[in-house]
Amino acid sequence: MTALSIFDLLLERVTAGERLTADDIAQLAATPDILSIGMLADALRRQMHGTAVTYVRVASCSYDRSFADAVSPVAREVRVTGSPSTLADALSAVRSAKEVAGERSVSGFSWLDVLRLAAGEGSTAARVLAELRTAGLEALAEIPLDAVEDEAAVVEELHRAGFERLRLTIASAHASAHTARMLRAAALQDRLGGIQAIGPLPMVLDPMRPTTGYDDAKAVAIARLAAPNVATIQVDWQRYGPKLAQVALTFGADDLDNVTASDEAPDGRRRAPLEEVRRNIEAAGFSAAERDGRFNLISR
Amino acid sequence: MIDELASKVLDGSRVTADEALALYRRAPTHLLGRLADAIRARRHPDRIVTYIIDRNVNYTNVCVARCNFCAFYRPVGSSDGYVLGFEEIFRKIDETIAVGGGQLLLQGGHNPDLPIAWYEDLFRAVKARYPEFKLHALSPPEVLHISRMNRVAVPEVIARLVAAGLDSIPGGGAEILVDRVRKLLNCYGKATADQWLDVMREAHRAGLRSTATMMYGTVETDEERIEHLIRLRDLQDETGGFTAFITWSFQPDHTERGGVEATGVDYLRTLALARIVLDNFENLQASWVTQGGKVGQLSLAFGANDMGSVMIEENVVRAAGASYCMDEVEIVTNIEDAGFIPKRRNMHYEVLGDPIFRERDVPRMLALATARAEGDTSVPDELRQYLARSRAGKQLRLAQ
């Protein structure tokens, strides 16, 4: 079993704290042997986080709806969703989100929204970011690596505007393009710092070319292995769904983002699926810890 | 300890119940996957992953068994109760053939108003109209029900159904083959563990092949899950009649039992364990219909070598809350993405060929059909020819 011994060597290097090279990662990404990739990623995540899995309860609300109605008191982060067409709309949404959020952090929008709003105002991304920041926005919900040309410039711009704990995402690139993006994210972290998390979002469902579980699990594992200098690999609880999100935890992810704070069940609104989240984390052999929108653990 | 067990499994040795328990409880998930994958690779070195195009039809939802984990059945006399007409079933067969299918998976409730003649006439009518079409029909509890209702011994029921056109038997109704569990699930009456296995033994003796299943995640202990697997392994040693094994998690929504569903990692571990314990089973199916397409696909790394059926129609799991759908294009994409070669098969796991949609245009199917349109309470004409046993059934006949 020669294939096994190659992985054994890689496993030794990972457990010795050595960073895998770009070539190693590319070779891993090319093999269909998802279990070996998962084992390596899992070994690395255990070195970094032990058995801890964090999760955050997020109240999502569209920018044009009432935040007071949508934000549950148990949410730890308020996220503005949707793409407002003007900066004024975006700012008023952030302000009302912040009003409801109080001490809790407010996130929202994608980097692409920032560019679009800037273009609409005849302004610059820096100005738009500064205004959003003043209105109370603490984090962009998505910084899609696969949709920006110069990610270094984006990260620098965000740093300058005072955004911390950046969360880089990959929205729609095919799995084969992930590896290079992840390696670039790791290089960016070496150079500029300030990147808290990478969230490889599951690809948008296209009935003609559906995304698959292998792609999603591999994206998580490759993100973990390629960027050992980024603390957190996230999966989006709602977009992955409970089963795949749980499996992703065994493929290197250590954080469940976007757990609903409350949801509308057919027989009425119920509290967050907290029990379900914790049960899934524990059934995968990990220990669950809640965090807030600033990645601080909440002691219970 | 786990390392020793792992090398024992890799050497191809059979594991005992205690060893299986140790692996299930203590082996890391990736290790279980690796062991199962090694066995899968040994049995299927060609990297072929199969699937079948067939339709999952439930001829009636009226059932006297009242299993408390079931959201599909309706009691005798319920206004939601239905029996499909022969014409409705022919239409479903036509639609199945149109998308390249050659078989119905035909199962239903234990309806006291369908005598054995109804089944025989249905099977004969199907075979007369579609001589090449296969009937993978009537799980062991249904065979027992027919035997009891008609006072005909099981071997004779099987012989009569085979004479009428039965081709093979699905492994449904096994749940967990431990009587303590069956009593708690209220399915001891429909078939005890021994009775379920006896029907399969008789079917295998009669020359039929069948599948075997396990529904886990209700009240059973880990030990009982393993006992279930070992009982299947023992019968397979004896008859060799099982073609494949399928496991899935209890789907709690809308059931009397309720509760929560076992998680995705539980599923992958259970599947891998089954591959390790069932060393005399050739094929393991992935249950995408309960786990979703993505975890369904990941099953291929945890011991599965078959993506099951495109199903076309599904009523039972849907009633309990799961509504996943995969048509042939999606199943094939998933198999290829995972690095395997997709092949169409029949119930005997004989390869029939490459994906049908690459040979000719097949309509995409983005949702599974149901037994009947919502609110369709029509009673098929031919039912009046068959004697009803229940009071409600008799009244229905009189009204016809």
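Taking every DSSP beta bridge that has both ends in the protein assembly as shown, the antiparallel portion is near 10%.
Here B:LYS183 and A:SER66 are evaluated by their C-beta separation; at R0 = 41 Å the FRET efficiency comes out at 0.20.
Using a cut-off of 17 Å between alpha-carbon atoms, which aspartates and glutamates can reach A:LYS243, once sequence neighbours fewer than 8 places away in the same chain are excluded? Candidates past the 8-residue exclusion: A:ASP215, A:ASP216, A:ASP254, A:ASP255, A:ASP257, A:GLU275, A:GLU276, A:GLU282, B:ASP253, B:GLU261, B:ASP266.
Within 10 Å of the Cβ of each residue in B:24-37, the mean number of Cβ atoms contributed by other protein chains is 3.
Between B:THR370 and B:VAL152, the FRET efficiency estimated from the beta carbon spacing at R0 = 41 angstrom works out to 0.80.
Under Stokes-Einstein, with the Kirkwood radius over Cα pairs standing in for Rh, what whole-number D in µm²/s applies to chain B at 10 °C and 1.306 mPa s? D = 74 µm²/s. Of all lysines in the structure, those lying under 20 Å Cα to Cα from B:LYS127, and not within fewer than 8 positions of it along the same chain, are B:LYS92.
Projecting the Cα atoms of A:SER123, A:GLN238, A:ALA52 onto the dipole axis of chain A, where Lys and Arg carry +1 and Asp and Glu carry -1 at the beta carbon, places A:ALA52 farthest toward the positive end.
Among B:70-79, B:46-55, the peptide with the highest mean count of other Cβ atoms within 10 Å heads the list, and the full ranking is B:46-55, B:70-79.
Would you work out the charge dipole size for region B:310-367 about its Cα centre, treating the Cβ of every Lys and Arg as +1 and the Cβ of every Asp and Glu as -1, and quote it to the nearest 20 debye? Could you put the intermediate results ahead of the total?
Numbers: 7 positive and 11 negative charges, 18 e Å.
Value, rounded to 20: 80 debye.
In a reduced charge model with +1 at each Lys and Arg Cβ and -1 at each Asp and Glu Cβ, region A:19-290 shows a dipole moment near 360 debye about its Cα centre.
Give me D for chain A in µm² s⁻¹, whole number, from Stokes-Einstein with Rh from the Kirkwood sum over alpha-carbon pairs, 10 °C and 1.306 mPa s. Here the translational diffusion coefficient equals 80 µm²/s.
Rounded to the nearest 20 Debye, what is the dipole magnitude of the protein assembly as shown about its Cα centre when Lys and Arg each give +1 and Asp and Glu each give -1 at the C-beta? Mind dumping the intermediate values first?
Values: 81 positive and 96 negative charges, 247 e Å.
That gives a dipole near 1180 debye.
Per residue of peptide B:292-303, the mean number of Cβ atoms on other chains within 10 Å of the residue Cβ is 6. Can you compute the modelled spin-label distance between B:ARG360 and A:ALA22, with each label point 7 Å from Cα toward Cβ, in nm? It is 5.1 nm. Mind jotting down the distance between the C-alpha centroids of region B:1-69 and region B:282-341, whole Å? One Cα centre to the other: 15 Å.
Sorting the segments A:72-79, B:21-28 by their residues' average number of neighbouring beta-carbon atoms within 10 angstrom, most packed first, yields A:72-79, B:21-28.
Restricting the count to DSSP beta bridges whose residues both fall in chain A, what percent are antiparallel, rounded to a multiple of 5?
Percent antiparallel among DSSP bridges in chain A is about 15.
Region B:264-279 and region B:365-400 have Cα centres separated by 39 Å.
To the nearest whole percent, what portion of all C-alpha pairs in the protein assembly as shown is separated by more than 45 angstrom? When all Cα pairs of the protein assembly as shown are counted, 27 percent exceed 45 Å.
Length gained on full extension, B:GLU350 to B:ALA98: 88.6 nm, using 0.36 nm per residue less the C-alpha separation. Quick one: Cα centre-to-centre distance for region B:140-189 and region A:56-78, in angstrom? What the calculation gives is 52 Å, centre to centre.
Here, each number is a calculation from the coordinates, and none is a lab measurement. In this text the structure is predicted, and so the values were computed from the model without any measurement. All Cβ positions, glycine included, derive from the backbone under ideal geometry; neighbour counts span all protein chains shown.
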